[in-house]
Structures are given as C-alpha cells and as structure tokens.
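I have placed the structure first, in the form of structure tokens, so that the comments after it can refer back to it.
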Amino acid sequence: MKLSDVQKRLQAPFPAHVVAWKPGVITKDRSRALMLAHIDARNVQDRLDAVCPDAWSFEVEVVPGTRLPTVKGRLTVLGVSREDIGEAPEGDLGTLKAAASDALKRCAVQFGIGRYLYDLPKQWVDWNDAKREPMHTPELPEWARPDHERSPGGAHLVQAMDQLRYELPEDLELQREVYKHLKAALGSLHPTTGNQGRAA
C-alpha cells in the first residue's frame, strides 16, 4: 500500500460533531467573533488508525530557547515523512504536550488531513463575552461534511453510532442488535440512484 492509495481517505471530511470552533478575531466591542473550525489531535490519530493503523508514527523534538513551549514534529505515513513546528498557547495550557498536539495537527495538514477546514467561508457570529462562547455554533457547508451526513438525519445517526463506542450496553448480543439497526438506518440514507446533489 502506498500513500497515494489512501490519500482520499486521509483527506475526507470529518463528522460535523467532531469539528470544534474557536474565536480567531473578536471585535473591539466584544459583540462579534470570527470563528475558526479545528479538529483535535485525537481526531488525527483516529483517522490515521482507521486508514493505516500499522503504518504511521510521530516523533517530536523540543526546540530550545523559545518563549512558549515549542517542538518540531515529524509525522511518517506509509514511509513518507512531513515535518512542522508546534507551539503551545499562552497561559495554563502552555505545555509541551499542547505543543506536540499542535505539531501533529500541522504535520497532518501536509498529508491533507483536515486541510479542507482552511477553505471554509469566513463565519462571523454574535459573541457572548461573559460566557466566552458564540451565541450559536456555526454550521458547516454541505461540501465540508462526509457523504453520509449530506442526507437528512445522517449526522445524528453518525453521532449516535460514535457515542455507542463509549455507552454500549454491557450485554454483547444487545450491542450487536443496536449496532445492526443503526448501521442499516445509516445505509438507507445513501442515494441509490444517480440523482445525488440534484435540487429537490
């Protein structure tokens, strides 16, 4: 297996519920914020584990003499390596672990993982400065969602299936039954004719 064989799977959009949002810019009056979409380092690891579980590795090297904790990361996927610098944020979260997570995400972008998030249209939203959060979470455009989420109800089913990994009942037979029904429901959302993308 070569990197080119799995490129599309690496670059595929993530489920909408794992994409988080943070303010990139807040207006002077603290009433509006430009929200930036991002994924967690664990999402990158999950994607690599799903696509090539035994064929990736990540190494970090501490960069000395920097104001904030900084590392150089090297991500190797199917024998191909990409390097980038990771920097920790200011404050309590400024740790080498945070810098390593940043480096992993930056290296992953060079393989196309999550790169589409940089192409999202700018989204300014009303900002609740007291709670330090947006008044409402921005919506991802349809092209930035996995195929199975582009049908009504698809996103909710995917989220339910993901949650089941952590909240499945103890009874193994019941687990199989629940999973089977959810998988069938998700499969029914895939279009069976050639009219995908046609306006209703």
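Residues in region 33-58 that are in a strand (DSSP E or B) and in contact with a Ser or Thr (Cβ under 6 Å, 6 or more places away or on another chain): 1 in all. Of 57, 4, 31, all but one fail to be open to solvent by 40 Å² or more (accessible area, probe 1.4 Å), of a type in the set (Ser, Thr, Tyr) and without any contact (Cβ under 8 Å) to a residue 12 or more places away in the chain; the exception is 4. Looking across region 78-87 at every residue that is of a type in the set (Gly, Ala, Ser) and out of contact with any Asp or Glu (no Cβ under 8 Å at 6 or more places or on another chain), the one that is least open to solvent (accessible area, probe 1.4 Å) is identified as 81.
Of the residues making up region 107-122, not one is closer than 13 Å to residue 59 by Cα and charged (D, E, K, R). Just the residues that are assigned to a helix (DSSP H, G or I) and either open to solvent by less than 100 Å² (accessible area, probe 1.4 Å) or at pLDDT below 70 (or both), please, taken from region 169-178. Of everything in region 169-178, those that are assigned to a helix (DSSP H, G or I) and either open to solvent by less than 100 Å² (accessible area, probe 1.4 Å) or at pLDDT below 70 (or both) turn out to be 172, 174, 175, 177, 178. Checked against the criteria, residue 90 counts as closer than 21 Å to residue 20 by Cβ, exposed (fewer than 15 other Cβ atoms within 10 Å of the Cβ) and free of Cβ contacts under 8 Å to residues at least 40 places away in the same chain.
Applying the condition of being in contact with a Leu (Cβ under 9 Å, 6 or more places away or on another chain) and among the small types (Gly, Ala, Ser) to region 113-151 and asking which residue is surrounded by the most Cβ atoms within 10 Å (Cβ to Cβ) yields 144.
Number of residues in region 105-150 that are of a type in the set (A, V, I, L, M, F, W, C), modelled with pLDDT under 95, under 28 Å from residue 8 (Cβ atoms) and outside any helix (DSSP H, G or I): the value is 2.
The values are calculated or read from the model by the stated rules, or taken from the named source; none is laboratory data. Treat the numbers as computed from the prediction; the structure is a model and nothing was measured. We place every Cβ from the backbone using ideal geometry, glycine too, and count neighbours over all the protein chains shown. The protein model used for the area step is the full one, side chains on, heavy atoms only, and it has no ligands, DNA or RNA in it. Shrake-Rupley method; radii C 1.70, N 1.55, O 1.52, S 1.80 Å.
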